[in-house]
Amino acid sequence: RFNGGQIPAHPDTEGRFGFLNAVEDGRDCGVAHAPASMIYEWRDGMGRLTAGYGLISAAYTKNETEGVVFVVEVQAADGTERELFRRHLAPMTRPEDRGAQTLDVAITPLPGGRLILRTLPPASGNLNAAWSYWRDLQAEP
């Protein structure tokens, strides 16, 4: 959402196994198996991103996952990328990584640029049960 409206994902958005609409912890979310990228065109007034993210509970209650790395980055019009946020969730070994997490990051003005949300494999490269989600995406001034 942006200023009360919705922003469609850019056609370059990609998910290895596609994207699903699902409910996790009673809330709607967009689910994708890592690696995946959701790309949005930067719009005037995008100064802050807030979002929820995590792994679906079945990834660590019915499977054994090594987790997923969540990344938020911006891409300038010239293609230069800059990382704003990175966190590896490993709910099998860190109970505090279970359930929904939240982020709040500042976005510098990027006329002609993009906002990119990625899910990546952990350092081991193991993608077993790497089912991740994003939800409640809000871009605000």
Review point. Ignoring ligands, DNA and RNA, what accessible area per residue does the chain give at 1.4 Å, in Å²?
Key: 51
Exercise for review: Excluding G125 itself, calculate the net charge of residues whose Cβ lies under 14 Å from the Cβ of G125, where each Lys or Arg counts +1 and each Asp or Glu counts -1.
Suggested key: 0
Exercise for review: Determine the share of the chain's accessible area contributed by carbon and sulfur atoms, expressed in whole percent, with a 1.4 angstrom probe.
Suggested key: 49
Review point. Separation of region 37-51 and region 73-116 by C-alpha centroid, Å?
Key: 10
Practice item. Compute the signed sum of charges (Lys and Arg +1, Asp and Glu -1) over the other residues within less than 15 Å, Cβ to Cβ, of H10. Key: -2
Check your understanding: What size of dipole, in debye to the nearest 20, comes out for region 36-141 about its Cα centre when the only charges are +1 on Lys and Arg C-beta atoms and -1 on Asp and Glu C-beta atoms?
Key -> 200
Study note, to complete from the structure: Taking every other residue with Cβ under 13 Å from the Cβ of Q75 and scoring Lys and Arg +1, Asp and Glu -1, one gets -3
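The values are calculated or read from the model by the stated rules, or taken from the named source; none is laboratory data. Bear in mind that the values here come from a model prediction, so they are computed numbers and not experimental data. FYI the Cβ positions are ideal-geometry reconstructions off the backbone, even for glycines, and counts take in every protein chain you see. For the accessible areas, the whole protein counts, side chains as well, though only heavy atoms, and no ligand, DNA or RNA atoms are used. Shrake-Rupley method; radii C 1.70, N 1.55, O 1.52, S 1.80 Å.
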